[in-house]
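The values are calculated or read from the model by the stated rules, or taken from the named source; none is laboratory data. Every value quoted in this text rests on a predicted model; they were computed, and no experiment measured them. Don't worry about glycine lacking a Cβ; one is built from the backbone with ideal geometry, like all the others, and counts go over all protein chains shown.
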């Protein structure tokens, strides 16, 4: 007798009752989240809602006060940021952290050296690391920036520098990618370029993005989670979130709405 067993699919990222306190302030309260492999989810909410705290907990910058975090059912709650990266977690930050006097390619090579724990030598040119060039070139091609590889970062626009930040996060070949305000401070034209760039990323990468621009969030993601005062306030499709009158109140700050 033949029998078929339904294969259990592990979520790419899971948070269970995740909380963070800073003294008497509870920045995140019993937050639950589940992202399937390849899913693209947006986290939105007003300033101070707990969005960046959530990212800092997932990436290991802050220790959790309570709760758990899993990547493909691997408990990473107490692991260092470096160990989380080695398990497939990548992240960008709101503020650019590039080396402005170096080229785009050199920035990516230095990032890969850090991941591989290769010691940097001031007297050895970066051009003498052919193995690192290969991976950096692959990443630049994947984000459509190959033609910019020899440009010096300080000579590039802010929008282009934000694109390089995403490329840096891809150097580690992440399975889960956290994008923290990727369009913050960008012009309408640069926002459109960044949105298209993220949209074209490998569909196998699970993406969690913090985004203040509601239009960008609605374009990129099929599911939206709304944070308010440190807790999950609403969750649903772009249409459900856009039409939710309570979400509109907290998002545009028209009145105080309790968690």
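So, residue 14, is that one within 19 Å of the chain's Cα centre (by Cα), part of a strand (DSSP E or B) and either within 24 Å of residue 237 (Cα to Cα) or modelled with pLDDT of 95 or more (or both) or not? It would help to see each step written out before you state the result.
Values: within 19 Å of the chain's Cα centre (by Cα): yes; part of a strand (DSSP E or B): yes; either within 24 Å of residue 237 (Cα to Cα) or modelled with pLDDT of 95 or more (or both): yes.
For residue 14, the condition - within 19 Å of the chain's Cα centre (by Cα), part of a strand (DSSP E or B) and either within 24 Å of residue 237 (Cα to Cα) or modelled with pLDDT of 95 or more (or both) - is met.
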Check region 122-143 and report whether any residue there is at pLDDT 75 or above and assigned to a loop (DSSP other than H, G, I, E, B). yes
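Hey, any hits in region 27-39 for a residue that's within 16 Å of residue 174 (Cα to Cα), touching a helix residue (DSSP H, G or I) at 6+ places or on another chain (Cβ under 8 Å), touching a residue at least 60 places away in the same chain (Cβ under 8 Å) and surrounded by 14 or more Cβ atoms within 10 Å (Cβ to Cβ)? First the steps, then the outcome.
Keep residues of region 27-39 that are within 16 Å of residue 174 (Cα to Cα), which gives 35-39.
From what's left, touching a helix residue (DSSP H, G or I) at 6+ places or on another chain (Cβ under 8 Å): none.
Within region 27-39, none of the residues are within 16 Å of residue 174 (Cα to Cα), touching a helix residue (DSSP H, G or I) at 6+ places or on another chain (Cβ under 8 Å), touching a residue at least 60 places away in the same chain (Cβ under 8 Å) and surrounded by 14 or more Cβ atoms within 10 Å (Cβ to Cβ).
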Looking only at residues that are touching a helix residue (DSSP H, G or I) at 6+ places or on another chain (Cβ under 7 Å) and more than 23 Å from residue 180 (Cα to Cα) in region 149-169, which one is surrounded by the most Cβ atoms within 10 Å (Cβ to Cβ)? 149
Residues of region 97-121 being part of a loop (DSSP other than H, G, I, E, B) and at pLDDT 85 or above, in sequence order, are 98, 99, 100, 101, 102
All positions within region 38-66 that are modelled with pLDDT of 95 or more, within 26 Å of residue 221 (Cα to Cα) and part of a strand (DSSP E or B): 40, 41, 42, 43
Identity of the residue in region 170-191, assigned to a helix (DSSP H, G or I) and surrounded by fewer than 19 Cβ atoms within 10 Å (Cβ to Cβ), that ends up nearest to the chain's Cα centre (by Cα): 190
Is it the case that some residue within region 73-96 is more than 26 Å from residue 133 (Cβ to Cβ), in a strand (DSSP E or B), in contact (Cβ under 8 Å) with a residue 40 or more places away in the chain and under 17 Å from the mean Cα position of the chain (by Cα)? no
